[in-house]
Amino acid sequence: MHINKAIPDAIVSSYLGGQWYAPDDGATAIKSAVTGEVIAHAGHNACDADLILNYAKKVGGPELRSLTFHDRAKLLKHLALYLSEHTAALTELAFHSGATRSDSKIDIDGGIATLFVFASKGRREMPDETIFPDGDMEQLSRKGTFVGQHVYTSRPGVAVHINAFNFPVWGMLEKLAPTILSGMPAIIKPATATSYITEACFRLIVDSGILPPGSVQLIAGRTHTLTDHLTPQDVVTFTGSAQTAGIIRNSLNVSDLTIPFTAEQDSLNATLLGSDIEPDTVDFEIFVNEVVKEMTTKAGQKCTAIRRIMAPPAISRHLIEAINAKLADLTIGDPSLDSTDMGALVSDRQRNDVLAVSQQIEKHAANVSHPKITETLRDLPGAYLCPILYWCEDPDHASDIHQLEAFGPVATVMPYRNMTHAFELLNRGQGSLVASIVTHDPELAREAVLHSAPWHGRLYFNNHLSSAEATGHGSPMPHMVHGGPGRAGGGEELGGVRAVKHYMQRTALQGPPDLLQP
Ligand code: NAP
């Protein structure tokens, strides 16, 4: 093991009401995914909701709302530049979560890039103002003395962001950017398992002094009764499992007061090899590479990772061999080594969860993983897991394949009879974040959009003409919406300025034109 075992500050503090609070005896111990040793503690016995909400609403909100959209966009740019200078330390820390250097690039650099995009969009696509007009003025009367105009204004509440463990930095920053731009303060609650990475990044944000006081707070550990104290001007966003989303969604306070609640939850994302693609072509190779990348990046712990792989039956066996050949070539192990392709899962618990779900999948599918792959991990401590590839011959009668998310390096290949069948299978995840298709056939692409777009937050097409510049099946882009219907949570994030509007109220203004001029 080359990983630096010691984390200098092994306590994960909360930042509330402008002060840091060390964990108390209500804290949870966090283990390194790589060494299995306890490396940090996070959490408190209770959460002082009044302190947190007052600081956000009485200090942070007014400070942010006194700035124009352009001013706020400039803050995001300064923050992005500042954080860019500190990525190395965050990457070192993230090795303990099992993340390789390239995994952390997606999380840390990806989060900073999202800040830059929102900074730029805020200045280019929003006015240097505090009211954001929506559409043109509508003439509501014959002589034009009475008109209508839709506007967005900042909510005088707070946004509570509850994040998953897999993107400790991106998860925080991708939500923070539109929140700050909207003029709303934020309370960030990272997943405990990787909260030491989020806390380190958050500490940089506080130390930079760039954001106004009160605009950001951090809760390490549980939120306790915080959501019971929220009011209708607040917003709750959640990223994580469907189960936890259900608990929060159904919590009385959120539903009774219709507090906006956005959920990004688990998803059985799929990829489809178009019927026009022949084996051993460049396009076939692109498909195989994308599957392998999605199974192994962040050890498959990505909400957008490919879980279901659809191919024509005649080439399915060839496809399995091609995927296995690439997987067998990968180096799995110490994430801090540059030679490592795939690191560990975040914890033993996560690995056990993945193995338990895999056993369920095995009732409907044959394990066709390459035997060489399992050899490599025999002597390693830590939460390592080899990629597992399944073959499901009869995907029509295997509902678990389309329902169970093994949140790790696990995927299932299945055959489709024709394109109608392929689209049916694609949609059987009951709503997903993303589905990808490798094809050159515009008619196939159009049919896919018509049949499958309503079931997926994102449809991603690729072939050899686009692959050199393609952004990747699993990468949500700040410019494009991220989220999905049904099973995926029904939420929507990112998508440029669309995301900012989720934190603002749209109001229809009606009256004489001179009163409604922007
Ligand atoms: P999780 O167990 O549901 O936890 C998510 C977050 O909710 C954590 O911060 C957790 O805190 C918190 N939490 C748990 N119970 C809570 C409660 N009663 N009230 C308030 N907060 C509560 O999910 P996870 O294991 O971290 O993440 C993995 C899952 O997230 C996977 O299913 C994956 O598909 C999904 N995911 C989805 C997306 C997306 O964009 N759609 C992105 C990433 C991950 P603690 O850690 O302290 O328990």
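Scanning the range 133-182 for residues that are within 25 Å of Gln301 (Cα to Cα) and part of a loop (DSSP other than H, G, I, E, B) yields Asn163, Ala164, Phe165, Asn166, Phe167, Pro168, Val169.
Checked against (1) at pLDDT below 95; (2) closer than 30 Å to Ile332 by Cβ, Gly144 passes all but condition (2).
Among the criteria (1) modelled with pLDDT under 90; (2) more than 16 Å from the ligand (Cβ to nearest atom), the one Leu75 does not fulfil is (1).
Residues of the range 196-215 that are open to solvent by less than 10 Å² (accessible area, probe 1.4 Å) and within 19 Å of Val158 (Cβ to Cβ): Thr198, Phe202, Ile205, Gly214, Ser215. In the range 393-435, of all residues being surrounded by 24 or more Cβ atoms within 10 Å (Cβ to Cβ) and over 25 Å from the mean Cα position of the chain (by Cα), the one that is farthest from His451 (Cα to Cα) corresponds to Met414.
Would you check which residues across the range 244-268 are within 17 Å of the chain's Cα centre (by Cα), within 23 Å of Val500 (Cα to Cα) and within 9 Å of the ligand (Cβ to nearest atom) and list them? Result: Ala245, Ala263, Glu264, Gln265.
If you go through the range 339-380 one residue at a time, how many are more than 30 Å from Glu278 (Cβ to Cβ), at pLDDT 90 or above and more than 25 Å from the chain's Cα centre (by Cα)? Final tally of qualifying residues: 5. Would you confirm whether any residue within the range 269-282 is modelled with pLDDT of 95 or more, part of a helix (DSSP H, G or I) and more than 10 Å from the ligand (Cβ to nearest atom)? Among the residues of the range 269-282, at least one is modelled with pLDDT of 95 or more, part of a helix (DSSP H, G or I) and more than 10 Å from the ligand (Cβ to nearest atom), which makes the answer yes. The selection criterion, being in contact with a Lys or Arg (Cβ under 7 Å, 6 or more places away or on another chain) and open to solvent by less than 10 Å² (accessible area, probe 1.4 Å), does not hold for Gly148. For Lys298, state whether it is of a type in the set (D, E, K, R), away from the ligand (no atom under 16 Å from the Cβ) and over 30 Å from Gln505 (Cβ atoms). No. Would you call Leu465 more than 27 Å from Leu404 (Cβ to Cβ) and assigned by TED's automatic domain parsing to the domain that holds Ile401? Against the criterion (more than 27 Å from Leu404 (Cβ to Cβ) and assigned by TED's automatic domain parsing to the domain that holds Ile401), Leu465 qualifies. When Pro185, Pro127, Pro133 are checked against the criterion of being open to solvent by less than 10 Å² (accessible area, probe 1.4 Å), touching a residue at least 60 places away in the same chain (Cβ under 8 Å) and in the same structural domain as Glu92 (by TED's automatic domain parsing), a single residue qualifies: Pro185. Is the range 331-340 home to any residue that is touching a Cys at 6+ places or on another chain (Cβ under 7 Å), under 22 Å from Val288 (Cα atoms), open to solvent by 10 Å² or more (accessible area, probe 1.4 Å) and not small (Gly, Ala, Ser)? Scanning the range 331-340, I find at least one residue that is touching a Cys at 6+ places or on another chain (Cβ under 7 Å), under 22 Å from Val288 (Cα atoms), open to solvent by 10 Å² or more (accessible area, probe 1.4 Å) and not small (Gly, Ala, Ser), so the answer is yes. The number of residues in the range 151-182 that are in contact with a Phe, Trp or Tyr (Cβ under 7 Å, 6 or more places away or on another chain), closer than 18 Å to Phe238 by Cβ and surrounded by fewer than 24 Cβ atoms within 10 Å (Cβ to Cβ) comes to 1. Listed conditions (1) outside any loop (DSSP other than H, G, I, E, B); (2) open to solvent by 20 Å² or more (accessible area, probe 1.4 Å); (3) at pLDDT 95 or above; (4) touching a His at 6+ places or on another chain (Cβ under 7 Å) are all met by Glu285, apart from (4). When the range 228-243 is filtered for residues that are under 19 Å from Asn166 (Cα atoms), open to solvent by 40 Å² or more (accessible area, probe 1.4 Å) and either part of a loop (DSSP other than H, G, I, E, B) or away from the ligand (no atom under 14 Å from the Cβ) (or both), only Ser241 remains. Cβ-Cβ distances below 7 Å connect the following pairs, each with a first residue in the range 471-486 that is buried (at least 17 other Cβ atoms within 10 Å of the Cβ), a second residue that is among the aromatic types (Phe, Trp, Tyr), and a separation of six or more residues or different chains: His473/Tyr460; Pro478/Phe118; Pro485/Trp455. Got at least one residue in the range 424-442 being away from the ligand (no atom under 16 Å from the Cβ), closer than 30 Å to Ala356 by Cα and either free of Cβ contacts under 8 Å to residues at least 24 places away in the same chain or charged (D, E, K, R) (or both)? Scanning the range 424-442, I find at least one residue that is away from the ligand (no atom under 16 Å from the Cβ), closer than 30 Å to Ala356 by Cα and either free of Cβ contacts under 8 Å to residues at least 24 places away in the same chain or charged (D, E, K, R) (or both), so the answer is yes.
Do you know which residues across the range 479-518 are within 13 Å of the ligand (Cβ to nearest atom) and assigned to a strand (DSSP E or B)? Matches in the range 479-518: Val481, His482, Glu493, Leu494.
Got at least one residue in the range 88-107 being touching a helix residue (DSSP H, G or I) at 6+ places or on another chain (Cβ under 7 Å) and closer than 24 Å to Tyr503 by Cα? Yes, the conditions are met somewhere in the range 88-107.
Here is a yes/no grid of residues against (1) modelled with pLDDT of 95 or more; (2) more than 30 Å from Gly474 (Cβ to Cβ); (3) out of contact with any Asp or Glu (no Cβ under 9 Å at 6 or more places or on another chain); (4) within 14 Å of the ligand (Cβ to nearest atom):
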site: Ser154; (1), (2), (3), (4): yes, yes, yes, no
site: Gly171; (1), (2), (3), (4): yes, no, no, yes
site: Ala193; (1), (2), (3), (4): yes, no, yes, yes
site: Tyr196; (1), (2), (3), (4): yes, no, no, yes
site: Val206; (1), (2), (3), (4): yes, yes, yes, no
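Screening His224 with (1) open to solvent by 20 Å² or more (accessible area, probe 1.4 Å); (2) within 13 Å of the ligand (Cβ to nearest atom); (3) out of contact with any Asp or Glu (no Cβ under 6 Å at 6 or more places or on another chain); (4) under 21 Å from Gly429 (Cβ atoms) gives one miss only, at (4).
The values are calculated or read from the model by the stated rules, or taken from the named source; none is laboratory data. From a predicted model like this one, the values you see are computed outputs, not experimental measurements. Quick reminder, even Gly has a Cβ in these numbers, built from the backbone with ideal geometry, and neighbours come from all protein chains shown. Note: areas computed on protein heavy atoms with side chains; ligands, DNA, RNA excluded. Shrake-Rupley method; radii C 1.70, N 1.55, O 1.52, S 1.80 Å.
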